[in-house]
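See below for the structure under consideration.
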Amino acid sequence: MTPEGTATGASARSMGLEKGRSEDGAHPRGKWGNKMAFMFCAIGVMVGPGCISRFPFHLSVHGGVVFLIPYCFMLYFCGFPLFFMELALGQYTSEGAVTAWRKICPMFEGVGVACQVYVFYIITSFIVIIAWVNIYFIYSFMSPLAWSTCDNWWNSEECKIPTPDWSFINHNISAGDYDPYYNISVDSSWPTSPDNEFWKLRVIRQSPDFSLGMVHWDMALCLLAAWVICYFCVFKGIKYTGMVVYLTATLPYLILVIIFFRVVTLPGAFSGLQHYFYPDFKVLADINVWVSALTLVMYTVAVSHGVMIALGSYNKYNNDCYRDSYTLFGVTIATNVAFAVVVSSLMGFLAEFRQMSVHDVVSGGTSQIFLAIPDALAHLPGARFWAVLFFLMMFLLSIDTQFLFMEGLVTAVTDMFPHRLRGSREKLTLVIVVVCFLLGLPFIAEGGLLLFYLVDHFAMNVTCYFFIACFETVIIGWVYGADRFLDNIEDMIGYRPYPVIKYCWLFVTPLICGIAFRYNEIFPASFWFEDYQPSLSYYIFGAILLVAPLICIPVYILLTLYRNGNNMATPSSNLRQARPHKPLLSLCKRVIFSAPPTRTVDEGNEKIMMGEPSGV
């Protein structure tokens, strides 16, 4: 940013702030080529596989359409304030997630570091889903579909194919008259339906005793292919990423429209819609439903990861990020509802085909994506065409989210060391790709699914995101000053956001996250992965994964105290302050924190505090 005092008013917003700066010989920091590139990237982060695996499932088990009440409440009073705050923070500082917090409040640089550790967890494990999707996509070109027959090399002798009975179009049979496992004992440890066997015996090749086992070459190639694609989407920076995202963020919507109009006309689609959307107002009295809504919001809008800070940092200084936030939230809600209609229609169709109740075929997570939906698609006329479309859409949704999270990590690291790394982005990206690929190999081993669930439950537990969200709002609202931050935003976009956003930062959002933190379960009494009973070492390893990022916060507080204890909470002098004499925070017309006196910071200490020989 241009140092305070070199320009004022509108002239500051029209000068070199728009072009990305060159920091004492460091490579200049780029900006988005146009507004749509940023919007599509933000949509790519917010609209991912969770639209299929999470949102419809929550509708089904939490009161149908009534679930939208707690969901929209949490979205507006928690998700939106956090999302807008991170977006505005990145745009204001023009820095990645670590250096943005360093500039706002040096002692809390560890918040940004913790977020990047979580991002590292995510990109290392989430890409495994893309490898699985790749396998399904390849086999989608087979006729008949590989998961619809028992004639494949991986099928067991016990594999049974259900007899298609299209008479269900004319009459209904109660679920009690039909065995959901095709007359195979539900106590069997190895499911015998062809879709289950394709998933367990061909894709993950699960070992019966959950031992890690070997990594098969075909799965390793699928994982490698996913990483190669991610590398070429990110290695040249946001201008290239902005071009790629035009395809990866828009094509899924075209496919969604095609699938939407097909599945809503299927037999049983209306029954599925009734099950998923039928209102049950009693659930509103259950605190766990509200916590589930907040959990879904945190995953949906991708806050507390620093990715939105990174994407916002490439915006022009006077970009209207407040209006963008409302637009993005509107698109996200509409997309989630559309996917819920598609999934519920497919589950209704599958229930009719199986002659079961919709309740018996509802699932979530990987079971939804890799078992229930493929099974439903296999029974459609032209099944191969619909399977190819669906898994192409899944691939685009997943790869979009993956390489944009990776972009957030690369941005954060390069901004920490601009002189050393900004000109070597390709090498840094390659190092990250190689390391994450090697660490991802155990996830695709024969016992890798158990490891995948371990990381998903502990390393990416939403409780950590609640904790990070509380820290972020406290820093902006009470340490930096909510009024000062709103002044910064007004200087950028030309008007002041609604006052409710200030009180959300100060009170509502941290209170909601604190309550959710209390009710969310970190260590379950029983593990839900196929009745597997983990050992104590399992929980210890999970606890280490969970706590390791959070330790960064106190460590960096102590480190800042050692480096420059006199300016631990003093923002960088490079941050433009349009109203430096206004109070930092006022409530009910009373000044809580007055404006700090004009400071004189020793340049050497400032550079030490910023962590680079020439400053950041």
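When you go through Leu389, Leu371 one by one, which is the residue that is more than 30 Å from Phe40 (Cβ to Cβ), of a type outside the set (Gly, Ala, Ser) and surrounded by fewer than 22 Cβ atoms within 10 Å (Cβ to Cβ)?
On the way: Leu389 fails: more than 30 Å from Phe40 (Cβ to Cβ).
After applying the criteria, what remains is Leu371.
Just checking, does the range 352-366 include any residue being in a helix (DSSP H, G or I), modelled with pLDDT of 95 or more and surrounded by fewer than 24 Cβ atoms within 10 Å (Cβ to Cβ)? Show your work before the answer.
Within the range 352-366, the first condition is being in a helix (DSSP H, G or I), and the residues that meet it are 352-354, 358-360, 365-366.
Of the ones still in play, those that are also modelled with pLDDT of 95 or more are none.
The answer is no, given that none of the residues of the range 352-366 is in a helix (DSSP H, G or I), modelled with pLDDT of 95 or more and surrounded by fewer than 24 Cβ atoms within 10 Å (Cβ to Cβ).
Residues in the range 47-65: is at least one among the β-branched types (Val, Ile, Thr), on the phi < 0 side of the Ramachandran plot and outside any helix (DSSP H, G or I)?
Step one: of the range 47-65, the residues among the β-branched types (Val, Ile, Thr) are 47, 52, 61, 65.
Adding the requirement that they be on the phi < 0 side of the Ramachandran plot leaves 47, 52, 61, 65.
Now drop any that are not outside any helix (DSSP H, G or I), which leaves 47.
There is at least one residue in the range 47-65 that is among the β-branched types (Val, Ile, Thr), on the phi < 0 side of the Ramachandran plot and outside any helix (DSSP H, G or I).
Mind checking which residues of the range 50-69 are among the β-branched types (Val, Ile, Thr) and under 18 Å from Val291 (Cβ atoms)? Lay out the reasoning, then the answer.
Going through the range 50-69, the residues among the β-branched types (Val, Ile, Thr) turn out to be 52, 61, 65-66, 69.
Result: Val61, Val66, Ile69.
Taking the range 138-164, which residues are modelled with pLDDT under 90 and among the hydroxyl-bearing types (Ser, Thr, Tyr)?
Those that are modelled with pLDDT under 90 and among the hydroxyl-bearing types (Ser, Thr, Tyr): Ser143, Ser156, Thr163.
So, in the range 191-228, exactly how many residues are surrounded by 20 or more Cβ atoms within 10 Å (Cβ to Cβ), among the β-branched types (Val, Ile, Thr) and either more than 22 Å from Pro144 (Cβ to Cβ) or under 28 Å from the mean Cα position of the chain (by Cα) (or both)?
Number of matching residues: 2.
Which condition from (1) of a type outside the set (S, T, N, Q); (2) at pLDDT below 95; (3) within 27 Å of Cys115 (Cα to Cα); (4) surrounded by fewer than 20 Cβ atoms within 10 Å (Cβ to Cβ) is the one that Met39 breaks?
Against the list (1) of a type outside the set (S, T, N, Q); (2) at pLDDT below 95; (3) within 27 Å of Cys115 (Cα to Cα); (4) surrounded by fewer than 20 Cβ atoms within 10 Å (Cβ to Cβ), Met39 comes up short only on (2).
Taking the condition of being within 13 Å of Ala482 (Cα to Cα) and either at pLDDT below 90 or exposed (fewer than 14 other Cβ atoms within 10 Å of the Cβ) (or both), how many residues in the range 588-611 meet it? I'd like the intermediate steps shown before the answer.
Kept after step one, since they are within 13 Å of Ala482 (Cα to Cα), are these residues of the range 588-611: 591-595.
Keeping just the survivors that are either at pLDDT below 90 or exposed (fewer than 14 other Cβ atoms within 10 Å of the Cβ) (or both) gives 591, 594-595.
Residues that pass the stated criteria total 3.
Looking at Phe395, is it crowded, with 24+ Cβ neighbours inside 10 Å and in a helix (DSSP H, G or I)? Please lay out each step first, then the result.
Details: crowded, with 24+ Cβ neighbours inside 10 Å: no; in a helix (DSSP H, G or I): yes.
Spelling it out, it is not the case that Phe395 is crowded, with 24+ Cβ neighbours inside 10 Å and in a helix (DSSP H, G or I).
Could you list all residues from the range 263-285 that are surrounded by fewer than 19 Cβ atoms within 10 Å (Cβ to Cβ) and either in a helix (DSSP H, G or I) or free of Cβ contacts under 8 Å to residues at least 60 places away in the same chain (or both)? Steps first, please.
To start, the set of residues in the range 263-285 that are surrounded by fewer than 19 Cβ atoms within 10 Å (Cβ to Cβ) comprises 264-265, 267, 270, 274, 278-282, 284-285.
Of everything in the range 263-285, those that are surrounded by fewer than 19 Cβ atoms within 10 Å (Cβ to Cβ) and either in a helix (DSSP H, G or I) or free of Cβ contacts under 8 Å to residues at least 60 places away in the same chain (or both) turn out to be Thr265, Phe270, Gln274, Phe281, Lys282, Leu284, Ala285.
Can you tell me which residue within the range 80-99, out of those that are part of a helix (DSSP H, G or I) and of a type in the set (Gly, Ala, Ser), is surrounded by the most Cβ atoms within 10 Å (Cβ to Cβ)?
Taking the range 80-99 first, the residues part of a helix (DSSP H, G or I) are 80-93, 97-99.
Add one more test, that the residue is of a type in the set (Gly, Ala, Ser), and what stays is 88, 90, 97.
Details: Ala88: 28, Gly90: 26, Ala97: 32.
Looking at residues that are part of a helix (DSSP H, G or I) and of a type in the set (Gly, Ala, Ser), I get Ala97.
More than 22 Å from Gly477 (Cβ to Cβ), modelled with pLDDT of 95 or more and in a helix (DSSP H, G or I) - does that describe any residue in the range 100-112? Spell out how you get there, then give the answer.
The first filter runs over the range 100-112 and keeps only residues more than 22 Å from Gly477 (Cβ to Cβ), leaving none.
No: zero hits.
Conditions tested, residue by residue: (1) farther than 30 Å from Leu256 by Cβ; (2) out of contact with any Phe, Trp or Tyr (no Cβ under 8 Å at 6 or more places or on another chain); (3) of a type in the set (Asp, Glu).
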residue: Thr463; (1), (2), (3): yes, no, no
residue: Phe466; (1), (2), (3): yes, no, no
residue: Ile475; (1), (2), (3): yes, no, no
residue: Tyr480; (1), (2), (3): yes, yes, no
residue: Glu490; (1), (2), (3): yes, yes, yes
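May I ask you to verify whether Asn319 is touching a Phe, Trp or Tyr at 6+ places or on another chain (Cβ under 7 Å) and either farther than 18 Å from Gly48 by Cβ or in a helix (DSSP H, G or I) (or both)? Spell out how you get there, then give the answer.
Numbers: touching a Phe, Trp or Tyr at 6+ places or on another chain (Cβ under 7 Å): no; either farther than 18 Å from Gly48 by Cβ or in a helix (DSSP H, G or I) (or both): yes.
So Asn319 does not fit the description; no.
Test Tyr498 against the criterion of being without any contact (Cβ under 8 Å) to a residue 40 or more places away in the chain, more than 13 Å from Phe84 (Cβ to Cβ), aromatic (Phe, Trp, Tyr) and out of contact with any Lys or Arg (no Cβ under 9 Å at 6 or more places or on another chain), and give yes or no. Please lay out each step first, then the result.
Working: without any contact (Cβ under 8 Å) to a residue 40 or more places away in the chain: yes; more than 13 Å from Phe84 (Cβ to Cβ): no; aromatic (Phe, Trp, Tyr): yes; out of contact with any Lys or Arg (no Cβ under 9 Å at 6 or more places or on another chain): yes.
So Tyr498 does not fit the description; no.
Those residues that are touching a Gly at 6+ places or on another chain (Cβ under 8 Å) and either over 19 Å from Glu490 (Cβ atoms) or not in a loop (DSSP other than H, G, I, E, B) (or both), I need them from the range 573-592; list them, please.
Asn574, Leu585
Yes/no per residue for (1) aliphatic (A, V, I, L, M); (2) more than 16 Å from the chain's Cα centre (by Cα); (3) within 19 Å of Gly242 (Cα to Cα):
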position	(1), (2), (3)
Ser292	no, no, no
Leu296	yes, no, no
Asn319	no, yes, yes
Arg323	no, yes, no
Tyr326	no, yes, no
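Mind counting the residues in the range 508-557 that are modelled with pLDDT of 85 or more and either over 24 Å from the mean Cα position of the chain (by Cα) or on the phi > 0 side of the Ramachandran plot (or both)?
5
State the number of residues belonging to the range 369-413 that are in contact (Cβ under 8 Å) with a residue 24 or more places away in the chain and over 17 Å from Tyr240 (Cα atoms).
28
Run down Val343, Val303 and say which single residue is surrounded by 24 or more Cβ atoms within 10 Å (Cβ to Cβ) and closer than 22 Å to Val119 by Cα. Before you say what the answer is, go through the steps one by one.
Values: Val343 fails: closer than 22 Å to Val119 by Cα.
Only one candidate qualifies: Val303.
Going through the range 131-153 one residue at a time, which ones are touching a Leu at 6+ places or on another chain (Cβ under 8 Å) and part of a helix (DSSP H, G or I)? Even if it seems obvious, please write down each step before you answer.
Just the residues of the range 131-153 that are touching a Leu at 6+ places or on another chain (Cβ under 8 Å), to begin with: 131, 137, 139, 145.
Within the range 131-153, Ala131, Phe137, Tyr139 meet the criteria.
The values are calculated or read from the model by the stated rules, or taken from the named source; none is laboratory data. The structure displayed is predicted, hence computed values, not measured ones. Here Cβ is always computed from backbone atoms with ideal geometry, including for glycine, and neighbour counts include all displayed protein chains.
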